[in-house]
Amino acid sequence: MSYQVLARKWRPRTFSEMVGQEHVLRALVNALDNDRVHHAFLFTGTRGVGKTTIARILAKSLNCEVAVSSTPCGQCGACREIDAGRFVDLIEVDAASRTKVEDTRELLENVQYAPTRGRYKVYLIDEVHMLSAHSFNALLKTLEEPPPHVKFLLATTDPQRLPVTILSRCLQFNLKRLTPELIGKQLEHILAQEGVASEAPARLAIARAADGSMRDALSLLDQAIAYGGGQVRTADVRAMLGSIEQDHVFVLLEALARQDAQAVLERVQLLAEQSADFAGVLAELLVALHHTALAQTAPRALDENAGDVERITHLAQTLTPEDVQLFYQIGLIGRRDLPLAPDARGGFEMVLLRMLAFRPATGADIAPVATPSGVAPPRIQSTAPATAAPTAAADAPRTDDWTTLVNALKLTGVARELAANCALKERTTDSVHLVLDAAHSYLRNPKVEERLQQALQNYHGAPLKLTISLGKPEQETPALKQARAQSARQQAATQAIEEDANVKALRATFNASIQPDSIQPAD
């Protein structure tokens, strides 16, 4: 017996075997079980999501010799013939090859005659959007008022090309793209039934490559089994799909975390020697950054089948959340612009160098600048070496100015925000007591407070106990000082513009007006 491909062997034969599409199945099951079956159905969706399969199961449900129900027996002559594709009263038409109006008229000539074998004569027209305008006109009247023994099942990947007159005469069901998780679970079930050994990352790689299509996933699975000699292994699947080893991605991210430009460029050279698809490498890098962000914020949401969970967890501890978000944004924009680069490798290298060159704004980056009107606004800065801040007690002032101290701690992210929204209540030789406005209580977090305490200890060069209480700060917090200074700078800039002689002349001559939102203080 010749080999039957998995996509045909594992095509669902009942509604209960379908993967996903619950919103469609629920409506069809209720309609069949309550004898409220419409005469025309339109199934839409991308390729390989189950349009034709659902239509065939519906035809089987209508013509099962036992009864019309959502659970056809699968054993009677009608059920077996429909499964085999030779049921005389199921007329399947490929509209792409029968676009002429003459073809449609010939098809409809036999509509008036009763079914030969079954209960209903079912017309299944696939890719119905390919019919010509005259063909749609010929179909229109019959579709609106067919004989009671006729059902129309239409399927299309492009419903926008169907006339509204056709759409208004059908019950329309939009089938969704399948998620990689659903596809991966089905592949695991099929491989277990087939007795084929497999690895979870390999199944997930196939599911992602299928891009929402179960049929494409099963075709890739057939190819992977053949490629792997009867097994589905991660290395084989990546080689088959042209993907890179995930180790390359982790090495790149670990080098970025260390700010090791040489290691980054050496890994790019190795990828180039292996003729890697740099657009694909960048996509894998973004996936790893996404998993890293999940590990930092919601570890339970991280799929253990997503890859090397241990290395993802290590990256989550090595990189700050701000770095992960910035790397992801830079990579996302770089992926969009990669086709514009002179060559793919150069474009990919520039994306990585951009990740090395920039960092989220830190406390030192947004330190106050002595100007008559206030402080400079925060901005992303280069990570070029800067003068070292005092780290020992001997080098640091023993100051009560909490704002100056916060700027010297070099904090980032949430820890910086927490410190900036606190006021210093008490400082002793071995403790610091801060007061946080209750409106900013959401900033409190054990890990964040630990980072702040460690920064204070490093700055003062001695162990310190940090206490943060909620209340109304008696002194102005650094955040309020910065906001007040920024407001003062904005008012000064606005006043300078309004009093400028040239601006006054333009307003007087052309009846011009000033847009306040467009005025920005100069650094």
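Each value in this text was obtained by applying a stated rule to the coordinates, not by laboratory testing. As the structure is a prediction and not an experimental result, all values here were calculated from the model. For neighbour counting, all protein chains shown are included, and Cβ atoms are generated from backbone atoms with ideal geometry for every residue, glycine included.
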Completion exercise
For the chain, longest principal axis from Cα atoms; helix 321-337 axis from its Cα atoms; angle between them, nearest 10 degrees, is 50 degrees
Completion exercise
Relative to the chain, whose Cα atoms define the longest principal axis, helix 133-144 and its Cα axis are tilted in degrees, nearest 10, by 70 degrees
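Compute the relative contact order of the chain as a whole-number percentage, counting only Cα pairs closer than 8 Å that sit 6 or more residues apart in sequence. Intermediate results must be reported in sequence, preceding the final value.
Details: 711 pairs, mean separation 49.0, N = 523.
It comes to 9 percent, rounded to a whole number.
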Exercise for the section: Calculate the length of the line joining the C-alpha centroid of region 458-479 to that of region 251-318, in whole Å. Expected result: 36 Å
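Given N residues in region 155-200, what is Rg(Cα) / (2.2 N^0.38 Å)? Write out the running numbers ahead of the final one.
Values: Rg = 17.9 Å, N = 46, 2.2 N^0.38 = 9.4 Å.
With N residues counted in region 155-200, Rg over 2.2 N^0.38 Å equals 1.90.
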Problem - Given Lys151/Lys185; Lys9/Lys141; Lys100/Lys185; Lys51/Lys185; Lys9/Lys176; Lys60/Lys185, the pairs whose alpha carbons are separated by over 32 Å - result: Lys151/Lys185; Lys9/Lys141; Lys100/Lys185
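May I ask what percent, to the nearest 5, of DSSP beta bridges between residues of the chain are antiparallel? All intermediate terms of the calculation are to be shown ahead of the outcome.
Values: 8 of 34 bridges.
The antiparallel fraction comes to roughly 25 percent.
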Exercise for the section: With 5 Å bins from zero, work out the P(r) of region 94-151 over every alpha carbon pair and list the percent per bin. Expected result: 4, 20, 29, 24, 16, 7, 1
Practice task
Assuming R0 = 45 Å, can you tell me the calculated FRET efficiency for the pair Tyr227 and Leu265, based on Cβ-Cβ distance, to the nearest 0.05?
Solution key: 0.90
Exercise for the section: Tell me what the chain gives for mean residue ellipticity at 222 nm when only DSSP H runs of n ≥ 4 count, each as -39,500 (n - 2.57), the sum divided by the residue total, rounded to 500 deg cm²/dmol. Expected result: -15000 deg cm²/dmol
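Rounded, prolate or oblate: which fits region 293-351 when a ≥ b ≥ c are the square roots of the eigenvalues of the alpha-carbon gyration tensor, with rounded for a/c under 1.5 and prolate only if a/b beats b/c?
It is prolate, given that a/c is not under 1.5 and a/b is the larger ratio.
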Handout entry: Loop-exposed chymotrypsin sites (Phe, Trp or Tyr not before Pro) per DSSP, neighbour cap 14 Cβ within 10 angstrom, longest uninterrupted part of the chain
Key = 114-523
Handout entry: Cα long-axis angle, helix 180-194 against the chain (0 to 90 degrees, to the nearest 10)
Key = 50 degrees
Exercise for the section: Compute the convex hull volume of the Cα atoms of region 183-279, divide it by the residue count, and report the result per residue in Å³ as a whole number. Expected result: 103 Å³
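From the Cα trace of the chain, what convex hull volume per residue do you get, rounded to a whole Å³?
Numbers: hull volume 140.9 nm³, N = 523.
Dividing the Cα hull volume of the chain by its residues yields 269 Å³.
Dividing the Cα radius of gyration by the Kirkwood radius, what Rg/Rh value follows for region 139-178?
Answer for region 139-178: 1.00.
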Problem - Two-decimal Rg to Rh for region 1-141 - Kirkwood Rh, Cα set - result: 0.96
